[in-house]
Structure formats: C-alpha cells, structure tokens
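The values are calculated or read from the model by the stated rules, or taken from the named source; none is laboratory data. Quick caveat, the model's predicted, so the values are computed rather than measured. Glycine also receives a Cβ, built like all others from the backbone with ideal geometry; neighbour counts cover every protein chain displayed. What goes into the accessible areas is simple: the full protein's heavy atoms, side chains included, and nothing from ligands, DNA or RNA. Shrake-Rupley method; radii C 1.70, N 1.55, O 1.52, S 1.80 Å.
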Amino acid sequence: MVFKRLLGSLGVGGPTVDTVLDPGAVLPGGALTGQVHLEGGGADFTIEQISLDLVARVEAEHDGGEAEGTVSFGRFTVGGGFRLPAGERRSVPFSVTLPWETPVTELYGQNLGIVLGVRTELAVAAARDKGDLDPLAVRPLPAQEAVLEAFGRLGFGFRCADLEYGHIPGTGQQLPFYQEIELTPSPQYAHAVNEIEVTFLAGPAGLEVVLEADKRGGLFTGGHDSVMRFTVAHHDVAQRDWDAEVGSWVRRLVEHRPAHGAYSPGAYGHDGHHAGYHGHDGHHGHHGHGSGPGAGTAIAAGAAGLAVGVAGGLVAAEIVDEVGDFFEGDDEDGGDEG
C-alpha cells in the first residue's frame, strides 16, 4: 500500500511523489530497497533533495499515564539536484541500510502490532513537504528467531509487542526507544511469574537479550520485577542448543532474588561479555504499560515454535491499513517529530 499526495507546500500543479518499497520484509541491519517515482506538475521544478525518514509509533510515559507518538529513527538522502520538467515522470532507485535495532514487525509473516513507516520528503524550491508514507515490514534476525522459537517450544506464548520510549541503562542501546515482546509463562513457571518481557538490542556482532520477569508475590512477600541481560553472537546461531540455553536463562531469571528487595538501574551494566553469553542482574524501571496497537494479536506456543494466530483487536490486515492514519493524523495535529 502506498500513499500519494500532492506536494502541498507548492499548491495545485506541484509534483507528486510515490515511493514503492521492494516486496518482502527486511532484516534489522539489512538493506531497504525501492524506488521513488516522481511526476512533474504544471510547471518545471528543481528537485533539491529527496529524503527518506524512518518513523515508528512509540509509547511514552506522560503525566503519570502513557501517550503515543511518532519518533524518527533514521534519515537518508537518496536523490536530488535535478530539474523535473512539467508532466515528466522519473524514478529514483535507492538502497539504504536499516539500523541494527530496527524493531521486528512480524514473525512467520504475521504482524505483531508494531507500526513502522518510511516517509518520503521532497525539498523543492526551498519548500519541504512530507508527502509519501509506506508501511515497513521487518522480520527477525536468525538469532532473534532462534530465541523466540525456543521460548515457544518451552511452552511460552505471545501476549503482545510494543515500542517504549526511553533507554535501558547499562546496555549499548542506540535508538531512542526499545521493543518489548511480552510472553505468557509456560505451565512450569505460571505459579512464579505473570509474564516475561523480551527486548532485543541488535548490533553488528550479535544481540543483547534483556529479559524481565514480572514475578508473583508469595504469602509473605510482594511481587517484583527481575531483570537479566545476556549476549548472543550472530556467527554461531546454528551451533547452539537454544532450548537448553533459553531454559537456563529463564531459570536464572525466575530464581534471582534482589538484594534487600532493591534493584539498581545500572546493576546489569557490568563490563566483560564472554563468549556465548554473560548474564547481568538489574532493573530498567519499566512495568505495567499498555499493549499498544494490535494488542489483540496472539501467538500461541506450538511444537514448531511460536505459531501465530489472531484473537481479537486489530488483525494484521487492519494494522497495515491503518498505518497511514496513525502517521498522517500526527501531521494534521501538528505533532510530527520534525
């Protein structure tokens, strides 16, 4: 689906822009390719610059509650510096590299409710217009998929996914937000935890995997959060026993006891990552948020890993159809990220 708009800053007769992304989901850190199609208006115009802006629908704490807004997480100049005669059509191919921490929007082709978009901006005769917006689909890296599949085989189920504005202390996080994938506990741990949240912070060499457990309280103790961090290399994904490894992560997470009932925000930011993985304890100060767009999407654990199904709320097709409404609504309200 593409959105095609008249270049509003120039009024009637201005050029139009239509960006078409190449088919298929892309990988974090991978190449995003496509073409920007331009059509000249009623007069000749100089196209000074064509830019692509990566934007995400993100939740943030606001006045004691939560609000949603758009955040830019990457900007690329893909063309410009040419004259577009009246009525002429021209296509500008592009290939840009996504940030490694780009959130995952789908698993096995099913939408997780994460809203990302690619917005095209034209600079013409010193005027700028955010014209074209296209939804961006991102599939998991092999290491991310291996971890999620292992959770599924261990009996965990998908609850929802969202993007949270802010930074997880002690990590190498680069973007101004992070993705949380919320999982329902397996029967083995249902008595101990309400849910486990998974955050992937990818980089060129591997992943930081941050796990947070919402632990249930006991007869004489209250519930609390437990957070640990592990590192995973990209190069040895196929050689690892992921069920055993993820199972050990969960046991350590559930069995972890806070010292004197307190957590230090930077407690898991120690140096010294070792080959394989290295765990750190801590707390990134977030719990009890809303589920964001597409919260009704449910992923049940199956023998082949996390199998995707829809259980109310916005189904995948509706999420894709409403991407434009999410971002265009911000423009109309003057709430764009700029």
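Before moving on, here are some points about what is shown:
- Among the candidates Phe82, Phe45, residue that is aromatic (Phe, Trp, Tyr) and surrounded by fewer than 16 Cβ atoms within 10 Å (Cβ to Cβ): Phe82
- The condition (being open to solvent by 10 Å² or more (accessible area, probe 1.4 Å), on the phi < 0 side of the Ramachandran plot and at pLDDT below 95) is satisfied by just one residue among Gly203, Gly172: Gly172.
- Of all the numbered requirements in (1) part of a strand (DSSP E or B); (2) closer than 30 Å to Thr105 by Cβ; (3) open to solvent by 50 Å² or more (accessible area, probe 1.4 Å); (4) not acidic (Asp, Glu), Pro23 misses one, and that requirement is (1).
- The listed residue being surrounded by 20 or more Cβ atoms within 10 Å (Cβ to Cβ) and either under 21 Å from Arg153 (Cβ atoms) or at pLDDT below 95 (or both), out of Ser264, Ser226, Ser248: Ser226
- Filtering segment 115-126 to residues that are open to solvent by 10 Å² or more (accessible area, probe 1.4 Å) and at negative phi leaves only Glu121.
- Candidate set: segment 107-151, residues that are modelled with pLDDT under 90 and part of a loop (DSSP other than H, G, I, E, B); chosen: the one farthest from the chain's Cα centre (by Cα): Ala125
- Residue within segment 97-106 that is under 27 Å from the mean Cα position of the chain (by Cα), open to solvent by less than 40 Å² (accessible area, probe 1.4 Å), closer than 30 Å to Gly152 by Cα and of a type in the set (S, T, N, Q) present: yes
- Every listed requirement among (1) in contact with a helix residue (DSSP H, G or I) (Cβ under 8 Å, 6 or more places away or on another chain); (2) crowded, with 23+ Cβ neighbours inside 10 Å is met by Asp162 save one, (1).
- Arg75 vs. criteria open to solvent by 50 Å² or more (accessible area, probe 1.4 Å), of a type in the set (Lys, Arg) and in a strand (DSSP E or B): yes
- For Arg57, the requirement of being within 20 Å of the chain's Cα centre (by Cα), exposed (fewer than 15 other Cβ atoms within 10 Å of the Cβ) and either at pLDDT 95 or above or among the charged types (D, E, K, R) (or both) is not met.
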